[in-house]
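Everything on this sheet refers to the single structure shown next.
Computed from the coordinates by the stated procedures, all read-outs in this text should not be read as laboratory data. All figures in this text were calculated on a predicted structure; none of them were measured in a lab. Methodologically, a virtual Cβ is constructed for each residue, glycine included, from the backbone with ideal geometry; neighbour enumeration extends over all protein chains shown.
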Amino acid sequence: MGQRIDVEHLDVFYGKFMAVENVSMTINPNQVTAFIGPSGCGKSTFLRTINRMHEMTDKATVKGSILLEGRNLYSSEIDPVQVRREVGMVFQRPNPFPTMSIRQNVLAGIKLNNKSLTKAQADEIVETSLKGANLFNEVKDRLDSAAIGMSGGQQQRLCIARAIAMKPSVLLMDEPCSALDPISTLAVEDLIYELSSNYTIVIVTHNMQQASRVSQRTAFFNISDVGKPGRLIEMDQTTKIFSNPSNQQTENYISGKFG
Amino acid sequence: MSKISSFRVNLLSKNGLKSKVLFKNIKNNRLSKFIKPSSRVISRQRRQFDNFMKVLIFLSFIIVSIPLVSIIYIVVANGLTQITPYFLTHTMKGVMGGFSPFGGILHALVGTILITLGAMVISIPIGILTAIYLVEYAKGNKLSSIVNTLVDIMSGVPSIVAGLFAYSLFALFFGPTAVFGISGSLALSVLMIPTIIRSTQEMLNLVPNQLREASYGLGVSKFRTIIKVVLPTAFSGIVTGVLLSIARVIGETAPLLLTAGSIDSLNLNLFSGRMMSLPVYIYNEYSQGLAVCTNNIFGADCLSDIRMQRAWSAALVLFIFIIILNLVGTTIKKRILKKRGK
Amino acid sequence: MSKIGIFNWHRLFKTDKFYLLVCASSLFVLIILFAITVFLLFSAMPALESSQTGLLGISWYKSSEANNILDFCLPLVFSTILSSLLALVIALPVSIGVALFITFYAPPKLAAIASWVIDILASIPSIVYGLWGIFVLCPFLNVFTGNLISSPPRVLFTLSIVLAVMIIPIITSIIRDIYTGTPHLDIEAAYGLGATKWEMIRLSVLPYGAQGAMSAAMLGLGRALGETMAVLIILSPGRSYSFNIFGVSSHQTIAGNIAAQFPEANSLGVSLLTVTGLVLFIITFLVNWAAKKIAKSGVANV
Amino acid sequence: MKNSVFTSLCFLCLVLVLSGCSVDNDVSQFKLNPNQSNIDLGLRGQMAGSGATSQKNSIDAWKLGYNAYYPNISVAYDPKGSGGGRKDIISGASIFAASDKLLSDEEIKLSKSVCGSNGVIQIPTYISKIEIIFNLDNIKSLSLDNKTITAIFSGKITNWSDSLIKLQNPQINLPNKLITVVRRSDDSGTNDTLTSFFSKTDESLWQWGETSSWPSSIASLSQGAQGTAGVVIVSSLGDGTISYADSAQVGTLGVVAMDNPIMQISYMLACSHYNDIIAGQFVKSWLGYIISKSGQELSHNVSNSMVLNDSQTNQAKKDIDSITIGKENV
């Protein structure tokens, strides 16, 4: 089941430079929350702090706290690796493991943490995850062929299947469809909509139509000037944000005056 | 206008020849009057100089091929005579002067393989782990820049100095006569470590970052990501790097001359007794000169320059050994680089 | 994330034992270089501390008529640097020529053959170069230099040719990779001005690759300084500061001298040879360090 | 593809090592122990020796001859040069050593610590003829007296068409060509023998006396080469070269006919006392075989060396018998 995320006064730093300043928000469970805003406004950076991915690759540091159902993800005794098992993530470009087959890819999360699985358990997880990602019928007869042989859309859905195989409570998606053609994008968007019933989903996107189609709540980030930190301007029901936002900056962005 | 723009598009093609062809057919149609007149007048003199440089550059390729052809010719021509199954499966123990049986290089072949394996056991773990540190953990921090500089400097350590180092190290503990295989392995590993680090680094950098993020995203620790995802993806590249560094080191003579010494019989123990290796065998046979065949009371056939023939044959075997390692290494490497679309 | 000194101590003592192993192995690289210096110094001590009369006990030191260790080492250093520089003077232009040939002039098939030639040349053991030098190159040169130089011409000139052939592959492969990286805009700009192929190369390719070529040359120099077997087999050894590269028995490199005297040397002799080995190590250390500095500064301003 | 290369390599080694039960060369055809008198004292093990390269060829032959009598002893010899041999016998690394030069007094003093109170015994085992060799187109022999040879090697005569040489070889048309002296650049006993021969012939021409490495003042006029083989190879490569080498190594080069041959004696060194019984018994039987008639004959057949005369043999026998073995009388 999805879980609630509460963010309190979160600042993100790359060394001394503050990339994101004082973000506080609540992300409701079993809902799709979209982050929109011009490029460079820190929405992806902020997304990556939710599952502490920023520590691994971007060498960023964080102040403030993020609570998952009341548990602070940044308290010292929480192991960041545990956080990433709870909070799954799907990336901009589909990244199945090239050396593994489709089946191995789905089970990768579990196998890499060398949990032992019987053949039956493994098949059951592969089937439910692939079905969950609407991919099972398309690949059920070539489960042992190489994953990189599939189309872009299929690969992205495989990544989603791989993520939900870990049974996370939250799914983060960093512009999942920007590298896909329109048909695959539609397929992924429908999948997101279905998944929202039992996962908390947070999606970062440039595509405002996608945000309005898929998400229930939307947060608009903006950057006041070059070199200044990104800030959360306004967060509300998606319908309200796209019809009459209360903040002028959101209004300008929605009507395409800049950004 | 479209004519000129297509001219510009063709120019982007990397191979210079195509653009020249296009340049010619523009000249003789109505657009040629737009080309600056001055460039056409002095072109004959500049074109001559251009052709002169072209000849010079083709010449440099010829200059480089001449020594190669002559080396391959002399090694193969002189080396083929003694390469027989007996030569490859027998040692030199019991060989007397120039009389047959003429002995073989088995003890040198096995010695080279054992010493190189010893060097691999020392240098592969250190090389790969250091490369992992430089690529995965320490991109850009102070220690990595120090280590990077030292690896470059270590790749410049002369083989004779590596030999002296290994000899003095073992002489300190086991006395001045400390000559055995493992000391040769240590000397060779000093030469191998830098090349393994560099090639592994190059291959690890080829692994796209998305793979690491994908694995982290699945809640996999950094250690397991490296062991289970990054290394398997870069595995064939790392094997190539190891093969090429073996090829570079297996032909070294100077360090083994000081550290592993020479012996006529088969020695399988790296830790005791001298151990013959192919390059030292070649130098040994070369430096023993002619054999006496004048008073041949034994009735066995006798060759006075048999030693030099054995030296050439051993050189040919070593050469083939290295060529195989090189070919296997470079073909895999080319396939990897092509797959990465480099 | 506290960071004390050059280590990330916080992560070190956290559960990440693999980080510990990986740091240890990279420290090992430091340790090996440190150990080389320490052990060479340690084994060179007896010779450094012994008196001149003590050293005279070594027969090849006595016959060198050197009046102290420095006087013994300097001619060796002089010949080592002279032979390597001469080899570089021969090798660099040919390497640049071949690199240009592979990247710009040769049709793809011929370029592949040229690269193959370079790879094979790089993998020939130095003992085979030595044998080729004495059995093929010397008689060949002897035909031209019959009575001008002592025959067979086992002089510094012949040695430098062999050293040049040995370091051409190293220099060529580095320069070839740099030239393939020349930005297309530069090439296009040169052609745009109506330049011939050579002018394009002079205008855009050579300046772009200048820094890299310098660093490749230094690496080639480092490799030539350390060459042993070719010197031992080809060169007729001698001691002098003569620049006459055709003079016989007037040069001997450090590496060649070590290999020649090591089997015969008693413990003080080995120690004296280690002193010269240490000098060679320091020279190659500086040359490679300079090569790294040039390469790094090159990358910085490109 | 790549692991197939690895597996084939390992498979090759395995097969070779297993199949090569007799990896060594079968030498029974040489019938070195004709009357099969096997006086094997139950000696077994590996005995390490080292030293002069000049004796290596004969030592290889002696090993086979010795093994015909004592099949279970394997003798390992490291031809690292006389200096190396002397160093090893003093430090105890070798049980026996070969050297072209006798130990200096200082070396004998040093050897007492390992070899017992009366140090090291030194017996002549390999007497070779040093030939003066030269390389001139289609001239195979020249006759030169000792004085002319000394003059050539000390750089006083520099051209083959010199009057002194012409005088002694009227019927040969000597070319007008520079003489290139080729000498041993490494530290060798042959240099000692030759330089003492020159200084005995004419003190004024060769004023540098007996030295093991060439005097540097005339070194730059000549070429140096590493070891006997190096000297022979260099001489045969150049034209107009003159050099000196063990008669075994002359090959196709021209030889100078001399009034009296230059003899070089090479010695075998052994401790005067061995604590290890097996080592002591081995050394006594090994040296005994080498100076025996069959040992010297074998060396002559293989390396053209001169057989020891009776006085040398008797003196050597006395020295060998003087070797004491065992712990009691140290």
- Task: Just grab the label-to-label distance for A:Lys240 and D:Thr252, each label 7 Å out from Cα along the Cβ direction, in nm (one decimal).
- Result: 10.5
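Too long at a 26 Å Cα-Cα cut-off: which of D:Lys87/D:Lys327; A:Lys115/B:Lys333; D:Lys166/D:Lys200; D:Lys101/D:Lys318; D:Lys101/D:Lys166? Present the calculation step by step, with values, prior to reporting the outcome.
On the way: D:Lys87/D:Lys327 24 Å; A:Lys115/B:Lys333 35 Å; D:Lys166/D:Lys200 24 Å; D:Lys101/D:Lys318 20 Å; D:Lys101/D:Lys166 36 Å.
Long pairs (Cα-Cα over 26 Å): A:Lys115/B:Lys333; D:Lys101/D:Lys166.
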- Message: Just to be sure I understand the rule: take each whole DSSP H helix in chain C, project its Cα atoms onto its long axis, keep it if the span is 15 Å or more and its mean Kyte-Doolittle hydropathy is at least 1.6. Which ones pass?
- Response: C:17-49, C:69-100, C:156-180
- Message: Treating only the Cβ of Lys, Arg, Asp and Glu as charged (+1, +1, -1, -1), what charge dipole size does the protein assembly as shown show about its Cα centre? Round to the nearest 20 debye.
- Response: 4740
- Item | Anisotropy class of chain B from Cα gyration tensor, a/c 1.5 cut | oblate
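For the peptides A:203-216, B:277-290, what is the packing order when you average, over each peptide's residues, the other Cβ atoms within 10 Å and list the highest mean first?
Descending mean neighbour count gives B:277-290, A:203-216.
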- Task: Using only Cα positions of chain D, each an equal point scatterer, no hydration layer, compute I(q)/I(0) via Debye at q = 0.09, 0.12 Å⁻¹ and quote the log10 values to two decimals.
- Result: -0.58, -0.90
- Query: What residues have an amide H closer than 5 Å to that of B:Asn267, excluding those fewer than 5 places away on the same chain, when H is modeled at 1.01 Å from N in the peptide plane?
  - Reply: B:Met276
- Query: Once the Cα atoms of chain C are picked out, what are the Rg and Dmax in Å?
  - Reply: 23.6, 75
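Holding the Cα-Cα limit at 26 Å, pick out from D:Lys80/D:Lys177; A:Lys63/A:Lys240; A:Lys63/B:Lys139 the pairs that are longer than that. Each step should come with its number before you reach the end.
Details: D:Lys80/D:Lys177 37 Å; A:Lys63/A:Lys240 31 Å; A:Lys63/B:Lys139 24 Å.
Exceeds cut-off: D:Lys80/D:Lys177; A:Lys63/A:Lys240.
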- How big is the C-alpha Rg of the stretch D:156-230 next to the rule-of-thumb value 2.2 N^0.38 Å, as a ratio? 1.23
- Query: Which order do peptides C:172-180, B:162-170 fall in by mean Cβ count within 10 Å, highest first?
  - Reply: B:162-170, C:172-180
- Query: Using a Förster distance of 35 Å, how high is the FRET efficiency between B:Val121 and B:Ile320, based on the Cβ-Cβ distance and rounded to 0.05?
  - Reply: 0.90
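Across peptide B:174-182, how many C-beta atoms of other chains are within 10 Å of each residue C-beta, on average? Write out the running numbers ahead of the final one.
Details: counts 0, 4, 8, 10, 1, 3, 0, 0, 0.
What the average comes to for B:174-182 is 3.
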- So what's the gap between the Cα centers of the stretch D:281-314 and the stretch C:109-157, to the nearest angstrom? 45
- Which one of A:Thr33, A:Ile50, A:Thr118 has its Cα pushed farthest toward the positive end of the charge dipole of the stretch A:21-121, where Lys and Arg give +1 and Asp and Glu give -1 at the Cβ? A:Thr118
- Return the long-range amide H neighbours of C:Val248 (sequence gap of 5 or more, or a different chain), with a cut-off of under 5 Å between placed amide H atoms. C:Ser150
- Query: Lys/Arg Cβ at +1, Asp/Glu Cβ at -1, dipole of chain B taken about the Cα centre: which of B:Gln309, B:Pro208, B:Asn326 is farthest positive-ward?
  - Reply: B:Pro208
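Could you size up the charge dipole of the stretch C:54-301 around its Cα centre, putting +1 on the beta carbon of Lys and Arg and -1 on that of Asp and Glu, and report it in debye to the nearest 20? Before the final figure, lay out the partial values.
Details: 11 positive and 9 negative charges, 18 e Å.
Approximately 80 debye in magnitude.
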- So what are the stretch C:43-131's ellipsoid semi-axes, whole angstrom, largest first, if each one is the square root of 5 times an eigenvalue of the alpha-carbon gyration tensor? 46, 14, 10
- How high is the relative contact order of the stretch C:143-221, in percent, with contacts defined as C-alpha pairs under 8 Å that are six or more residues apart? 37
- ³J(HN,Hα) across the stretch A:13-21 via Karplus (A = 6.51, B = -1.76, C = 1.60, θ = phi - 60°), whole Hz, x for Gly/Pro? 10, 9, x, 8, 6, 7, 8, 10, 10
- Could the peptides B:200-207, A:5-12 be put in order, highest first, of the mean number of other beta-carbon atoms found within 10 Å of their residues? B:200-207, A:5-12
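Could you give the size of the charge dipole of the stretch D:136-201 about its Cα centre, using +1 on the Cβ of each K and R and -1 on the Cβ of each D and E, expressed in debye and rounded to the nearest 20? Show your work: numbers first, answer last.
Details: 8 positive and 6 negative charges, 37 e Å.
Its charge dipole is roughly 180 debye.
Counting only other chains, and only Cβ atoms inside 10 Å, what mean value do you get across the residues of C:187-197?
Numbers: counts 5, 4, 0, 0, 7, 2, 2, 8, 3, 11, 10.
Going residue by residue through C:187-197 and averaging, the value is 5.
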- Item | Relative contact order of chain B, pairs being alpha-carbon contacts under 8 Å that are 6 or more residues apart, as % | 23
- Message: Is the C-alpha gyration tensor of the stretch D:129-263 telling us rounded, prolate or oblate? Criteria: a/c under 1.5 is rounded; beyond that, a/b larger than b/c is prolate, otherwise oblate.
- Response: rounded
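Based on Cα coordinates alone, diagonalise the gyration tensor for the stretch A:5-254, multiply each eigenvalue by 5, take square roots, and list the semi-axes in whole Å, largest first. Write out the running numbers ahead of the final one.
Numbers: eigenvalues 196, 90, 49 Å².
Largest first, the stretch A:5-254 gives 31, 21, 16 Å.
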- Task: Quick one: what are the phi-derived ³J(HN,Hα) couplings along the stretch A:202-216, Karplus 6.51/-1.76/1.60 with θ = phi - 60°, whole Hz, x for glycine and proline?
- Result: 10, 10, 9, 8, 8, 8, 5, 4, 4, 4, 5, 5, 9, 9, 8
- Query: If you line up the Cα atoms of the stretch C:140-190 on their principal axes, what length do they span on each, largest first, in Å?
  - Reply: 55, 21, 14
- Query: Among the aspartates and glutamates, which fall within straight-line cross-link reach of D:Lys284, defined as a Cα-Cα distance under 15 Å, with same-chain neighbours fewer than 8 residues apart omitted?
  - Reply: D:Asp40, D:Asp276, D:Asp319, D:Asp321
- Taking only the alpha carbons of the stretch B:38-79, the radius of gyration and the largest Cα-Cα distance, Dmax, both in angstrom, are 18.4, 61
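If you count, for every residue in B:93-103, the Cβ atoms of partner chains within 10 Å of its Cβ, what is the mean?
On the way: counts 9, 11, 6, 15, 8, 2, 7, 2, 5, 1, 2.
Counting Cβ atoms of other protein chains within 10 Å of each residue's Cβ and averaging gives 6.
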- 25 °C / 0.890 mPa s Stokes-Einstein diffusion coefficient of the protein assembly as shown, Kirkwood radius on C-alpha pairs, µm²/s: 70
- Note on the structure: Projected onto the charge dipole of the protein assembly as shown (unit charges on the beta-carbon of Lys, Arg, Asp and Glu, signs +1, +1, -1, -1), the Cα from C:Phe34, D:Thr252, D:Leu32 with the largest positive-side position is that of C:Phe34
- Message: From the phi angles alone, apply the Karplus equation (6.51, -1.76, 1.60; θ = phi - 60°) to the stretch A:151-159 and give each ³J(HN,Hα) in whole Hz, x where the residue is Gly or Pro.
- Response: 6, x, x, 4, 4, 5, 5, 4, 5
- Query: Long-range amide H contacts for A:Gly64: which residues qualify at under 5 Å (H placed 1.01 Å from N, peptide plane, sequence gap of 5 or more or a different chain)?
  - Reply: A:Asp11
